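The values are calculated or read from the model by the stated rules, or taken from the named source; none is laboratory data. Please read all numbers here as calculations on a predicted model, not as lab measurements. Positions of Cβ are generated from backbone atoms using ideal geometry, with glycine treated the same way; all protein chains shown enter the neighbour counts. These accessible areas exclude ligands, DNA and RNA; they are computed on the full protein's heavy atoms, side chains included. Shrake-Rupley method; radii C 1.70, N 1.55, O 1.52, S 1.80 Å.
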Amino acid sequence: MTDTTVATTETLRARTRAALDRIGVVLPEGAGLHARTPITGDDLFPLRASNRVDVETAITDAAQAFRTWRTTPAPVRGELVRTFGELLRTHKTDLADLITVEAGKIGSEALGEVQEMIDICDFAVGQSRQLYGRTIASERPGHRLAETWHPLGVVGVISAFNFPAAVWSWNTALALVCGDTVVWKPSELTPLISLAAAHLLDRAVAATGAPDGVHRLLLADRDAGERLVEDPRVALVSATGSTRMGREVAPRVAARFGRCLLELGGNNAAIVAPSADLDLALQAVVFSAAGTAGQRCTTLRRLIVHHDIADRLLSKLGAAYRKLPVGDPFLDTTLVGPLISATAAKRMREALEQAKAEGGKVLAGGSEVDTGTNGAYLTPAIVAMPGQTAIVREETFAPILFVLTYRTFEEALALHNDVPQGLSSSIFTRDQQEAERFVAADGSDCGIANVNIGTSGAEIGGAFGGEKETGGGRESGSDAWRGYMRRVTTTVNYSAELTLAQNVSFL
Ligand code: NAD
């Protein structure tokens, strides 16, 4: 049940300070930025923001360090990431505390985010011995045709508030073993976890003797991000955030023929078929839709449920939603923490109003929880919609689950794919044909297509990302490492003859 007692800003400040001290972070004194917490909605510490000169210096340092880092053997580069991963293990709870303070995640989800960082370090260390090229059969006698992967250069990482550390670590752990150097521009809403994570990486750099400039942190608003986007020394811009941001970033990077890796907004759906295990679907839906207060890129936003089971599922879902404890994310009993800001709460209220104007009916939630603080707490909402109206086709970054019903599988699939975004998707069914159709070429058009699990909570072993307005990037596992390297095709002639390809004769 919801407990409206929330820690005071003073208590949160002390807890934050203690975590930062244990990690060894000294806060940059000055002005320009404020660390704040969505738990009480108050400022915690003033911080010095990076200025134009800092951005220039950071890129110069990273470009300089790249000159030696690119020829450091990859398994030696892996040693840096292994050491960093060990430090993450040592400070797991401190880092999780900072994520809770700044992003408002409940304890288990904040710990999960740090675990993801540790996992990607382990993955990247293994990858450091597997940056495989290949030998290709040459059509010419006495020739060897080969493909090699080389380091790319400086990687600019721009990250969002909702995965304030994990997304950076996905990029950074892989970029570092691939021989790249990194300049990080985190969300202006989460400077403390960024300082802490970057400090631990700096410690690993010092401990392993890696070049000092392999990583630089910029604490600043979007201006610093824009300068990374414009600078031709930044070979790859890996940007995670809203589709609006991606729309601004992509053409500017393309204009200078830089490389872009975009991880943008989602509008994820789950189809619940008549054969589904409803208890399993229920648990998955509640976590995917209401977990992280609806602030994951993979949050379930659209439930497409078969007409015959809709009433049954919705009555169970409504009951589960009414029991969801909303409140201070540091309380063990809380499952839904605050929204990131009053603006996010306003957007949620406006989206609910628009949904009603478009014929929607609020079945549960959507009301304010008064904690007596400036924190923005709302109960997760379920809204039955008459169709896929304008508001359903948008990503509102808050816990609103729109419900649509269907009668035929083809109708469900058409509804599913008829949105501009293409990140994550799932189907709950025990019908094998439906499950296979959903993941087939003419099924879900998303980068992630799940069966009998929800849309959120991906493992790091798979490549992560989505299609359409989600941006097309892939990060984390599988062969995502290739995005951080450049490919070289080499033909070596070890014969005494010059043979031209395609039997061309000349001279
Ligand atoms: P946001 O777009 O407001 O900000 C993201 C980052 O981009 C911040 O660091 C910001 O300073 C920077 N930025 C904004 N405009 C910029 C510009 N013109 N040039 C350069 N940098 C710019 O996003 P947010 O509110 O922090 O995060 C929520 C959004 O991120 C949601 O849409 C969510 O779906 C998305 N997201 C996507 C993924 C994914 O992997 N697909 C992961 C996490 C979050």
*In degrees, nearest 10, range 0 to 90: what is the angle between the Cα axis of helix 166-177 and the longest Cα principal axis of the chain?*
10 degrees
_Heavy-atom accessible area per residue - the chain, 1.4 Å, Å²_ = 41 Å²
_If I compute solvent accessible area with a 1.4 Å probe over the protein chains, what percent of it on the chain is carbon and sulfur?_
52 percent
*GluC sites (Glu not before Pro), restricted to segment 402-488: which are DSSP loop and have at most 13 other Cβ atoms within 10 Å?*
GLU459
*Once the Cα atoms of helix 107-127 and of the chain are each reduced to a long axis, what angle between those two axes, in degrees from 0 to 90 to the nearest 10, is obtained?*
20 degrees
*Over the chain, relative contact order from alpha-carbon pairs under 8 Å, at least 6 apart, %*: 19 percent
*If you take the C-alpha gyration tensor of segment 268-464, multiply each eigenvalue by 5 and take the square root, what semi-axes do you get, largest first, in whole Å?*
27, 18, 16
*May I have the pair-distance distribution P(r) for segment 222-379, computed from all Cα-Cα distances with 5 Å bins from 0 and rounded to whole percent?*
1, 8, 13, 16, 15, 13, 11, 9, 7, 4, 1, 0
*Set the Förster distance to 60 Å, then compute FRET efficiency between ALA357 and ASP21 from the Cβ-Cβ distance, nearest 0.05.*
0.75
*Roughly how tilted is helix 342-357, in degrees to the nearest 10 and between 0 and 90, from the longest Cα axis of the chain?*
60 degrees
*Mind checking the full-extension length gain between ASP332 and ARG67? Use 0.36 nm per residue of separation minus the Cα-Cα distance, one decimal, nm.*
90.6 nm
*Regarding segment 379-471, what are the three Cα extents along the principal axes, ordered largest first, in Å?*
32, 31, 25
*Quote the FRET efficiency, to the nearest 0.05, computed for ASP221 versus ARG144 with a Förster distance R0 of 56 Å and r equal to the Cβ-Cβ distance.*
0.65
*Using the eigenvalues of the Cα gyration tensor, what equivalent ellipsoid semi-axes result for the chain when each is taken as the square root of five times the eigenvalue, whole Å, largest first?*
40, 32, 19
*Residue by residue through segment 492-507, which ³J(HN,Hα) values in whole Hz follow from phi under the Karplus form 6.51 cos²θ - 1.76 cosθ + 1.60 (θ = phi - 60°), with glycine and proline marked x?*
10, 9, 9, 9, 9, 10, 9, 9, 8, 5, 6, 6, 5, 10, 7, 6
*Among the listed pairs LYS346/LYS468; LYS185/LYS356; LYS316/LYS468, give every one whose C-alpha distance is greater than 29 Å.*
LYS185/LYS356; LYS316/LYS468
*First select every other residue whose beta carbon is under 12 angstrom from the beta carbon of MET385; then total the charges, Lys and Arg +1, Asp and Glu -1.*
+4
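Could you list the trypsin sites (Lys or Arg not before Pro) in segment 400-493 that lie in coil according to DSSP, counting only those with at most 14 other Cβ atoms within 10 Å of their Cβ?
Listed in order of number, the matching sites are ARG407, ARG430.
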